Every structure is written in C-alpha cells, then in structure tokens.
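To start, the structure under review is shown below, and the notes come after it.
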Amino acid sequence: MQFDAAARLSHLERVRDIRAKAARDAQKRRNDLIAALTAARRALFDAKEAAYLVGFRERESTKGPILAAQGSVADLEAALDTADREWRAARDASTDAAQLYDAVLRFAQGQGLPLPLKVGDVGTDPNAAVRIQGEVRL
Amino acid sequence: MKALDKLKQAFAKQADAARSVQETVEAVRDQIIATGNDLAQLRATPEPQASAETALDREIANHMAAAQAALSREVAGLSGIARRPVMNLDPSPEEALSLQIALNPQGFRKLIAAELAEFYKGREAMPRDQRDARIKEIEAELLALETTEEGMIRQAEAAGIEILRRANADPRAVLALIEN
C-alpha cells in the first residue's frame, strides 16, 4: 500500500483545527444565548413585579411589557435549543477529528512515514525551505 | 427575481448532491460496520472440539512427563545414587499440578472434556488454518471498504462537500495514496 502521509496528515491537522474552531464558536454562541436568556428572564420577572406594584387601574398597561418579555424568553429558549444541539454536534465532530488525527499521526510515526514539515524544522537543511514551500501549496 | 430563482434552484441541486454523496458514504459505512462485525465474530470462533481435545491430551501427556521427571528425582534420592537429601518432596507449583494430574489422568480428562462439551454446545467452530485464511480475506475486504470510503470523502471535499471522517477510521486508508 502506498502512502501520501505528509500531505494527508497536514490536511487532517487542518480539518482538526477547523473543527476545533467551529466547536469553540458554537460554544460561544450557546454561552451568549444563555446570558441573553438569563437577562430576558430577569426582565420578565421585573415586568411581573412591576405589575404587582402598580394600582388596579394601571395594571392593564403592564400587560404589554409582560407579553413582550414572555415572547422574548420563548424565542431565546428555542434559539438556545438549536444552539445547544449545534454545539454538541460541533463538539463531537471536533473530538472525532482530534482523535483521528492523533491515531493517524501515531500510526505514521510508528511506521516511520514522512511527517509534514513545520516552520521550526528548517534548521540547517538548505532544501528544507523549498520543501516547506511545497507543504504550504498543499 | 428570475436570477434569484435560478440561485435557489442551484442551491437546492447542490443540497441534493450533498445529501446523495452523504447517503452513498453512509451505505459504505454500513458495510464497514457489518464487515467489522463479521471479523469480530470470526475472531471469536473456536477451533473444532476435536482439536481442543487433542490439545487437552497433549497437555495431559506433558504433565505426565513432568510428573515422571519429578518422581525420578525422588527415586534417585531414595536409592542413594544422587547427592541430595533423601525424599525431599518439595515440588514447585507446576510440578505439584503435574503430580496431581498424573495420579488421575483419566478423571482429569473427563472433567475438562465435559467442560469442553458444554462450551461447544450449539457453537460454530472452524479449523485454525481455515479461520486464519478467512480472517485475512475479511481484513483485506475491510481495508478495501475503508479505502473506498476515504476516496469518496476526498472526492466530496474536492467538490466542496464536507463529510466527517470516523474517529476510528483505519489510518492506512486515511493516509493512502488514492488515485482519482
């Protein structure tokens, strides 16, 4: 079996990094929504509290803000459900990509296959820079 | 508006293509799982009962020989032809087991043979050489399937369709040089 180890490994490494970033972004979206939902729930609580504090005649006017806050909470809860599912999927994809990369790297090292060159590998080899240029093109 | 409709159609076609590619890869993955299960089952297939009984007989014969050697040492001590204390019965755990088996080899054989018969009840068996050859065939089949899957993923990637690789994909397939 012929291998194309260096190019494939550098591709898998890139995929791993992209997946990791996607997972981080999805987590940030989820966290932002959690914060927004907490704020919306607080606003709903405040609106309800305001309704109890006013007199009977003014109570009608407090219904609007309560309904608006309830709508906002419901919207955010639905958005959080979606974001939560997306985050879990992105996290699993990231874990899979990282596990695969580690396993494949271990295999390549064990078989003595050529690994992708890194910028730090240049050293004194005059041809290394040329090879790195080749890697970048991949 | 027409341009927008065309764009929508193009995206719909692209989505259909992506779904179709994903389904094809999933079909190959189903085969990989099924083949992997076959392989696991085959690896767990025992040799025929007769082979196990032959191995048992061989093992008993080895123990009998070891027991005989241990007893010969004692005879040498008792008869005074060896320079060692007379009747030093201090067998190693292995020798002790051999001596126990030598005392009643038929009883020991009967005991283990009954266990073997129970183990083989309703169980499929296969001669070792036949099983090893079949394992090699299935391993090759599995690698071919994994290589096909990897080839599909690479083609999809080249067409801008992202398909996740399995975390437990075979590194040989993932690193393989695959000609398009």
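No lab work stands behind these numbers, since they all come straight from the coordinates. What you see is a predicted model, and the numbers here were worked out from it, not measured in a lab. Because the Cβ atoms are built from the backbone with ideal geometry, glycine has one as well, and the counts that use them run over all protein chains shown.
Structure summary
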{"item": "Projected-area mean, chain A, by convex hull of Cα positions, square nanometres", "result": "12.7"}
{"item": "Solvent-free Debye scattering, log10 I(q)/I(0), computed from the Cα coordinates of the protein assembly as shown at q = 0.09 Å⁻¹", "result": "-0.83"}
{"item": "Relative packing of peptides B:124-136, B:150-162 - highest average C-beta neighbours within 10 Å first", "result": "B:150-162, B:124-136"}
{"item": "Most mobile of A:Glu13, A:Glu58, A:Glu77 in a GNM of chain A (Cα contacts under 10 Å)", "result": "A:Glu58"}
{"item": "Mean Cα-pair separation over length for chain B, i.e. relative contact order, pairs under 8 Å, 6 or more apart, %", "result": "31"}
{"item": "Cβ-derived FRET efficiency at R0 35 Å, A:Lys21 paired with B:Arg128, nearest 0.05", "result": "0.10"}
{"item": "Only Lys, Arg (+1) and Asp, Glu (-1) charged, at Cβ; region B:1-118 dipole about Cα centre in debye", "result": "580"}
{"item": "Distance histogram in 5 Å bins (all Cα pairs of region A:1-75, percent per bin)", "result": "3, 14, 13, 11, 9, 8, 7, 6, 6, 5, 5, 4, 3, 3, 2, 1, 0"}
{"item": "Candidates B:Asp38, B:Asp170, B:Asp16, ranked by Gaussian network fluctuation over chain B, Cα under 10 Å, top entry", "result": "B:Asp16"}
{"item": "Among A:Leu67, A:Leu44, A:Leu80, residue whose mean-square fluctuation peaks in a GNM of chain A (springs only between Cα atoms under 10 Å)", "result": "A:Leu67"}
{"item": "Positive-end extreme of charge dipole, region B:1-123 - chosen from B:Asn37, B:Pro105, B:Ser72 (charges on Cβ)", "result": "B:Asn37"}
{"item": "For region A:36-65 versus region B:121-180, the gap between their alpha-carbon centres in whole angstrom", "result": "62"}
{"item": "Peptide A:104-117, shielding by other chains (average Cβ, 10 Å cutoff)", "result": "2"}
